[in-house]
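Engineer: Please see the structure below; I have some questions.
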Amino acid sequence: MITFQTINVELPDIDQELIRRWVTAVAASYHRTTGDVAYVFVDDEEILRVNRQFLGHDYYTDIITFDSGSPTHVAGDLIISLDTVHSNAEMLGKPYRQELHRVIIHGILHLCGINDKGPGEREIMEAAEDKALGMLLED
């Protein structure tokens with residue numbers, strides 16, 4: 001089940017059923033099934049707290065992904081800072097909704113085994129994001 005929760009923010013204006021179908025389709029394109037995936041939308045202070053507590057990092061970020069799945073099953077908690085998504089959208093000159101969708105699928109791609117920290121991995125992740133965003137057919 002794919003759920004949407006908030007801490008310290010309002011739930012963003014997203015079509016939850018569309019996102020569920022999209023996430024399931026993207027996972028399937030990597031030969032994975034979807035299980036319990038919790039999207040938790042937060043503010044910058046909450047993501048900083050999570051980053052410090054669980055990862056030992058002292059900085060803001062747009063998403064933190066906690067993987068509880070397996071090589072064939074996507075499951076986990078995806079903590080998304082709406083403040084950082086908004087800031088990144090402005091900085092990149094992109095619409096907020098587009099940047100939010102990119103971050104929403106970025107976490108799923110991590111759960112599908114795609115990394116973005118090593119040499120050449122950022123480009124692979126960006127290509128995967130672009131491909132996944134192309135699969136999102138909004139009404």
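FYI, it's all coordinate maths here, none of it is from the lab. The shown structure was predicted, so the numbers you read here are calculated from the model rather than taken from an experiment. Neighbour counts are summed over all protein chains in view; Cβ atoms, including those assigned to glycine, are modelled from backbone coordinates with ideal geometry.
Engineer: Give the residues of the range 104-139 that are touching an Asp or Glu at 6+ places or on another chain (Cβ under 7 Å), among the hydrophobic types (A, V, I, L, M, F, W, C) and surrounded by fewer than 20 Cβ atoms within 10 Å (Cβ to Cβ), sorted by residue number.
Structural biologist: Selection gives 125 alone.
Engineer: Here's another thing I want to ask about it. Just checking, which of 65, 34 is free of Cβ contacts under 8 Å to residues at least 60 places away in the same chain, farther than 21 Å from residue 134 by Cα and not in a loop (DSSP other than H, G, I, E, B)?
Structural biologist: Details: 34 fails: farther than 21 Å from residue 134 by Cα.
Answer to the check: 65.
Engineer: To continue, here is another question. Scanning for something of a type outside the set (Gly, Ala, Ser) and within 17 Å of residue 4 (Cα to Cα), does the range 85-96 turn up at least one residue? So that I can check it myself, show each step before the final result.
Structural biologist: Narrowing the range 85-96 to residues of a type outside the set (Gly, Ala, Ser): 85-86, 88, 90-92, 94-96.
Next, only the ones that are within 17 Å of residue 4 (Cα to Cα) stay: 85.
Checking the range 85-96: at least one residue is of a type outside the set (Gly, Ala, Ser) and within 17 Å of residue 4 (Cα to Cα).
Engineer: Determine the pairs where a residue that is without any contact (Cβ under 8 Å) to a residue 24 or more places away in the chain, located within the range 110-139, has a partner that is of a type in the set (Asp, Glu) with Cβ atoms under 7 Å apart, the partner being 6 or more residues away or on another chain.
Structural biologist: Once the first residue is without any contact (Cβ under 8 Å) to a residue 24 or more places away in the chain and sits in the range 110-139, its partners that are of a type in the set (Asp, Glu) give 115/121; 122/116; 125/116.
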